[in-house]
Structures are given as C-alpha cells and as structure tokens.
Amino acid sequence: MSLEQLAIIGPTASGKSDLAIKIAKQINAYILSIDSLSIYKEIDIVSAKPSTEELAQVKHFGINELFVNDYFSVDIFMNLYKKICLICKEQNKNLIIVGGTSFYLKSLLDGLSILPEITDKTALHVKKRLENLSGCYEFLTEIDPLYMNKIAPNDRYRIEKALLIYEASQMPPSQWFAQNPPKPVIKDLKIYNIDVERSTLRKRIEKRTKKMYESGLIDEVCSLEQKYTRMPHAMRSIGIVEVLDYLDGKTQKDEMLSLISTHTAQLAKRQQTFNRTQFKDVTSAKLEDLESIILS
C-alpha cells in the first residue's frame with residue numbers, strides 16, 4: 001500500500017482539528033499536527049490542543065512530543081515527519097497533516113538546509129553563552145554580518161539557532177547554508193484550506209478564549225512559569241504573555257481576555273495571508289463543505 005497524504009490548513013479556531021479527525025476515520029489515516037504550541041507537553045489549554053478523548057479516536061503525532069524547555073526547530077519537525085511516514089507505511093496508514101503553523105508545511109514542500117549535529121555539550125555551551133545575549137549578537141554580527149542583518153538584537157530564538165550552527169560546525173551560518181542547500185521533503189501534496197470570514201472567526205476566537213479561561217488558563221500558565229520560568233521560547237506565546245502581564249498586575253482580567261482575543265485574531269489574519277500567498281493549487285472552501293470535497 002502506498003502512502004497517501006493530504007494537508008488541511010486554515011487560521012486558528014477555524015475547525016481544522018475536528019475536520020481532520022472526521023476525515024482520518026474515513027480514510028484510515030494517522031494525523032500529524034503542525035502547531036507550534038501543541039508539540040509541547042503541559043501546554044494544553046493555551047494551545048487548544050485536541051482533548052484526551054479526541055486524541056484517543058485517531059493516533060496523533062506532533063502533539064506532546066517535547067518539554068517546554070526543550071530545544072525545538074523546524075529541522076526537528078521535519079525529522080519527525082520522516083519518522084511518521086515510515087510508521088504509516090509499516091502500518092498501512094495514510095497521513096493527514098493539519099494545523100495552523102503553515103510554515104512547517106511550507107518547509108516540507110520547499111525543503112530546509114540541514115543543521116549540523118548539535119550535541120548536548122554544544123547545546124549547554126550555547127545556553128551559557130546566551131546569558132549575555134547582546135554579546136552573542138555582537139559576536140555573530142562580526143563573523144556573519146549579512147546573516148545577522150535579518151535578525152533583531154533581542155530575537156533570542158534566532159540568535160540561539162545561529163550560535164548553535166556556528167558552535168556545531170565552526171562555520172558562519174551563511175557559509176553553512178551555502179554548503180547545505182535545501183531539498184524538498186514532499187513533492188506532491190493535496191492541500192485543503194478552510195475559508196472562513198473574519199467576523200465569524202473573531203466570534204469563534206472570543207468564544208474559545210472564554211472557554212480557555214474557564215478551563216483553568218491562569219492555573220496552567222502559573223504552573224508553567226513555576227516549572228520552566230519565563231525563559232523558554234514557548235513562554236512568549238499568545239495566551240501566555242497576556243496571562244503573565246495579568247499576574248504582574250499590568251492588566252485586569254477582562255483586559256487580559258480581550259488582549260488574548262485581539263492578538264489571536266491578528267495571528268489568524270497573518271495565517272490567512274500566509275496560506276493565500278505561499279501555497280499553489282490549494283482547494284479552499286467553507287468548513288461545512290470541505291469534508292465532502294476531500295472525500296469525493
């Protein structure tokens with residue numbers, strides 16, 4: 001049996017996860033989540049990941065794979081995808097790729113340059129160097145000004161990646177990428193996009209934000225901060241930042257919830273723009289019509 005794959009994309013809160021589970025049951029498929037927060041254990045409410053019951057209905061990958069303070073990059077995701085493809089072939093399953101972080105899907109289609117092997121020793125060394133973030137930025141700018149010109153001095157995530165590349169390869173990032181050009185991982189893939197009006201989406205986002213709060217959003221963020229501090233990249237995500245500001249006394253509850261909804265709606269707008277401009281041959285339709293279109 002050859003592996004059949006399809007992707008379901010769309011903005012946050014558009015109903016992708018529910019649709020993917022429905023389709024997966026009918027085409028004998030596993031699901032790979034492309035969501036930048038659901039990949040972390042313990043970030044459950046903020047990420048709005050599928051419930052335990054939903055995860056039990058169809059086998060999911062890309063969810064609860066890492067701890068919040070684990071290093072994560074698109075390269076790790078791509079290796080995860082390759083591993084899942086092997087599992088699907090061994091178990092005669094198809095694969096549905098679904099989620100809001102469409103950059104991961106774009107990376108699979110376009111390819112990424114591989115990263116050098118990063119040992120635990122290298123990762124620890126880089127972590128210590130990053131205690132002086134401005135010093136790391138100045139160092140990298142000196143050895144690779146062209147590459148660092150695209151990175152802000154306070155962008156800890158990208159500075160860390162650049163420093164990891166240098167420490168692991170002893171090459172400036174630009175030189176490493178020139179010697180390791182990208183190669184597509186997926187060549188042919190049917191992509192389905194959920195078309196939803198922004199006014200409808202805004203209402204769904206507000207409803208979901210309220211549900212997150214009622215489900216224990218503040219307790220979850222408190223627990224994450226206590227266990228991991230505010231340093232990990234994931235702790236600067238929408239839903240976490242606003243709660244931390246509330247806990248710091250910078251906002252009141254209603255303002256916190258309003259800000260989460262507003263920032264999520266802004267993210268959804270960026271997602272829609274990305275999906276519209278970055279993919280070719282995409283089938284777009286309303287959520288209620290996509291199931292029959294996919295299965296036809």
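Every read-out reported here was derived from the displayed coordinates using simple, explicitly stated rules and does not represent laboratory data. Only a predicted model underlies this, so the values are computations on that prediction, with no experimental measurement involved. With ideal geometry, Cβ positions are generated from the backbone for all residues, glycine too; neighbour counts draw on all protein chains shown.
Distance from the alpha carbon centroid of region 105-120 to that of region 58-83 works out to 13 angstrom. Note on region 57-135: Rg/Rh from C-alpha atoms, Kirkwood Rh, equals 1.04. A cut-off of 5 Å between modelled amide H atoms, ignoring neighbours fewer than 5 places along the same chain, links residue 190 with 7. Most simply put, the chain has about 5% antiparallel DSSP beta bridges, counting only bridges with both residues inside it. For region 178-257, a/c is not less than 1.5, where a ≥ b ≥ c are the root eigenvalues of the C-alpha gyration tensor, and a/b does not top b/c. That puts it in the oblate class. Close amide-amide hydrogen proximity is noted between residue 61 and 31, 32, 33, each under 5 Å apart and 5 or more residues distant or on a separate chain (H modeled in the peptide plane; Pro and chain starts excluded). For the pair region 1-41 / region 268-296, the C-alpha centres are spaced 13 Å from each other. An oblate overall shape is assigned to region 120-179, the ratio a/c of its alpha-carbon gyration tensor axes (a ≥ b ≥ c) being 1.5 or greater and a/b not exceeding b/c. When each of the peptides 62-70, 115-123, 141-149, 28-36 is scored by how many other beta carbons lie within 10 Å of its residues on average, the order from highest to lowest is 28-36, 62-70, 141-149, 115-123. Note on region 198-271: lysine pairs with Cα distance below 17 Å, sequence gap of 8 or more or different chains, count 5. Measuring nothing but how far apart in sequence close Cα pairs (under 8 Å, 6+ apart) lie, relative to its length, the chain scores a relative contact order of 27 percent. Using the average count of surrounding beta-carbon atoms within 10 Å as a protection proxy, the listed peptides 134-140, 101-107, 245-251 rank, highest first, as 101-107, 134-140, 245-251.
Just one of [x] 17.9; [y] 16.4; [z] 20.7 is mean projected area of the Cα convex hull in nm² as worked out from the coordinates here. Which one is it? Answer by label: [y].
A helix-only calculation puts the chain at -16500 deg cm²/dmol for mean residue ellipticity at 222 nm, using -39500 (n - 2.57) for each DSSP H run of at least four residues, averaged over all residues.
For region 13-26, 3J(HN,Hα) computed residue by residue from phi via the Karplus equation (6.51, -1.76, 1.60; θ = phi - 60°) reads 6, 8, x, 5, 4, 4, 5, 4, 5, 4, 5, 4, 5, 8 Hz, glycine and proline entered as x.
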